[in-house]
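Student: Take a look at this one; I'll ask things after.
The values are calculated or read from the model by the stated rules, or taken from the named source; none is laboratory data. Just so it is clear, the structure is predicted and the values come from calculations on it, not from any experiment. Positions of Cβ are backbone-derived with ideal geometry, glycine not excepted, and every protein chain shown enters the neighbour counts.
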Amino acid sequence: MTKIGLAYINGAVPGFEDFGNLPTDVVGENGLVNGNKASKELDALIIPGGTLIESNEIDIPLNREIKHMARDGKPIIGICAGFQLLSNQIDIGRKSPVPILKEGLGIIDVDFSPLITSDRVVAKVYNNSFLVKNQKEDVTGFHTHTYGKVEGDAKILFYSKVQRMNYGDTNKKGDYNLFSGACNDDGNVIGTMIHGILDENPIIVNNLLEQIDATNTDEIYNRNKEVKKYLKGEIGINTGIKIPSIKGNKMPKYLMIGSNGSDSGKTFILTGLAGALTKRGYKVALLKVGPDVRDIIPGLYLTKGKMEDFASVKIGHLGWADIESTIDRLNNSDYDIVLIEGVMSVFTGILNEKVPFSAAEIAMSSNIPMILASGVNKGGIESAAIDLVSHANMLEKLGVSVEAILLNKVYNDKIFDNVVPYIKNNTHVENVLKLPKLKSGDMRGFIPEVEIRYDLFTSHAMDLIENNLDIDSVINMAHEVEFNKIYSFDEIKSKVI
């Protein structure tokens, strides 16, 4: 039987996409499939995205098997971090004054350095590999990466057209301007930054099946169903935490995690809640207001959920899908709970004439309830409390239900206890919650904008949420919603000013 492996190691996101429904076997860091070496057992290998470079040592048995398969001419496809693993080296020091270099396997002659993109893309094809044979049209998929600048002498396979890089518009109309795929000299090892490339481009899937002489496609797809059951059976990777049977609500319930500014811990809170709810048997959908869907990937690492094509909620010209169509699709889905991460402050962009342009407007559009959070690490607990009161009252004025106020990174319980009455006496919010500051120590791997390890970040997030919040109470804060309207700029201005 034809066997196509899928790497299943710390930091990988194997549920992020379907990979053309091709993987028939899972390969761990030991490099074994059914007790045999992957290079002997497999006909091809797919390496998913994630934080493979940050989360794993380079000298693990699986990596030796990857090199062996490459030498034997077997097809290997690395996507995003999988591509990085196949490269020469990766600079993961996005905010470091000097490069922080990680070694790759050196199979594809390219290097990586920081460059952020989170777009739906089309990519121009260069015919340098079996994978793109007969692919005359542009391929489609999406980018979501932090270390996406690719340079080197490898054979080019793809250039992606992107709208934004490093948080700014490219302003290059019609250009295919980002090197996004390459192969080794022999053409059997492929790396690409394009997620969904096997899901959205049937010719590429057919090319892979043809390359490995696969005639038993029905058997492959049946085996793939078993692989997916295995993936969906565990929270995260190598945690041993089982996912129970799904609850199965008739309609999903929604809850937004909003804040009074960046660095409030929205991603950490959403990640921990996603894991805690999945652990209780809920199927959780994760959305991000605005284009930066990187923020919901740690949550998807725990839930094994897909990066849906509506995961990025449009504000202005930024994002993938408008809130109306997103709510409609979710209300006809099998998700139980939808967690939505806001962008910056809930009010950032609210006075921009592009409507909607803020998390508050997205919540207003569909009466989405909210947990309003603030980190207390910069201005202190008292300052955060005053700011949250102001934010909560303005949200109430706009018709948004603030179900809870959450102070994050609390360093002193007595000061927190002192500000609770102030918050309750000056708002209509009944639930005032807190999360403690993480214990000091080496925080590398915990900060999404600097360096993140999904295995570490997610385990700490889920533990902190489960140990400090009443999850049943949080579930009760979520409500069913229907899209109502997008408020005009004049309507919003009249309420705010």
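Student: Determine if region 153-164 includes at least one residue that is polar (S, T, N, Q) and over 30 Å from L318 (Cα atoms).
Tutor: From region 153-164, those polar (S, T, N, Q) are 160, 163; that's our starting set.
This time we only want the ones that are over 30 Å from L318 (Cα atoms), so: none.
No, that holds for no residue.
Student: Now for a separate question. Among the residues of region 55-81, what is the count of those that are surrounded by fewer than 24 Cβ atoms within 10 Å (Cβ to Cβ) and either closer than 19 Å to Y147 by Cβ or without any contact (Cβ under 8 Å) to a residue 12 or more places away in the chain (or both)?
Tutor: Residues flagged as surrounded by fewer than 24 Cβ atoms within 10 Å (Cβ to Cβ) and either closer than 19 Å to Y147 by Cβ or without any contact (Cβ under 8 Å) to a residue 12 or more places away in the chain (or both) within region 55-81 amount to 7.
Student: Mind listing whichever residues of region 92-114 are touching a Ser or Thr at 6+ places or on another chain (Cβ under 9 Å) and either within 27 Å of E65 (Cβ to Cβ) or of a type in the set (A, V, I, L, M, F, W, C) (or both)?
Tutor: Within region 92-114, I92, G104, L105, G106, I107, I108, D109, V110, D111, F112 meet the criteria.
Student: Looking at region 83-114, which of the residues that are at pLDDT 95 or above and of a type in the set (D, E) is nearest to C183 (Cα to Cα)?
Tutor: If we take residues in region 83-114 being at pLDDT 95 or above and of a type in the set (D, E), then D109 is nearest to C183 (Cα to Cα).
Student: Of everything in region 121-134, what is buried (at least 20 other Cβ atoms within 10 Å of the Cβ) and touching a residue at least 60 places away in the same chain (Cβ under 8 Å)? Give them in sequence order.
Tutor: Within region 121-134, V121, A123, S129, L131, V132 qualify.
Student: Has region 370-380 got any residue that is touching a strand residue (DSSP E or B) at 6+ places or on another chain (Cβ under 8 Å) and within 15 Å of L287 (Cβ to Cβ)?
Tutor: Looking through region 370-380, at least one residue is touching a strand residue (DSSP E or B) at 6+ places or on another chain (Cβ under 8 Å) and within 15 Å of L287 (Cβ to Cβ).
Student: In region 396-429, what residues are among the hydroxyl-bearing types (S, T, Y) and surrounded by 13 or more Cβ atoms within 10 Å (Cβ to Cβ)? Working first, answer last.
Tutor: Filtering region 396-429 down to residues among the hydroxyl-bearing types (S, T, Y) leaves 401, 411, 422, 427.
Across region 396-429, the qualifying residues are S401, Y422, T427.
Student: Looking for something modelled with pLDDT of 95 or more, crowded, with 16+ Cβ neighbours inside 10 Å and farther than 20 Å from A7 by Cα - is there at least one such residue anywhere in region 167-179?
Tutor: yes
Student: Would you confirm, using the coordinates I've provided, whether L300 is in contact with a strand residue (DSSP E or B) (Cβ under 7 Å, 6 or more places away or on another chain), at pLDDT 95 or above and farther than 21 Å from K228 by Cα?
Tutor: In short, no.
Student: Select from region 212-242 the residues that are over 30 Å from M1 (Cα atoms) and either in contact with an Asp or Glu (Cβ under 6 Å, 6 or more places away or on another chain) or not polar (S, T, N, Q) (or both) and list them in ascending order.
Tutor: Selection gives I241 alone.
Student: Taking helices (runs of 4 or more DSSP H) that do not extend beyond region 168-235, which have at least 1 residues that are within 30 Å of H317 (Cα to Cα)?
Tutor: 197-200, 202-211
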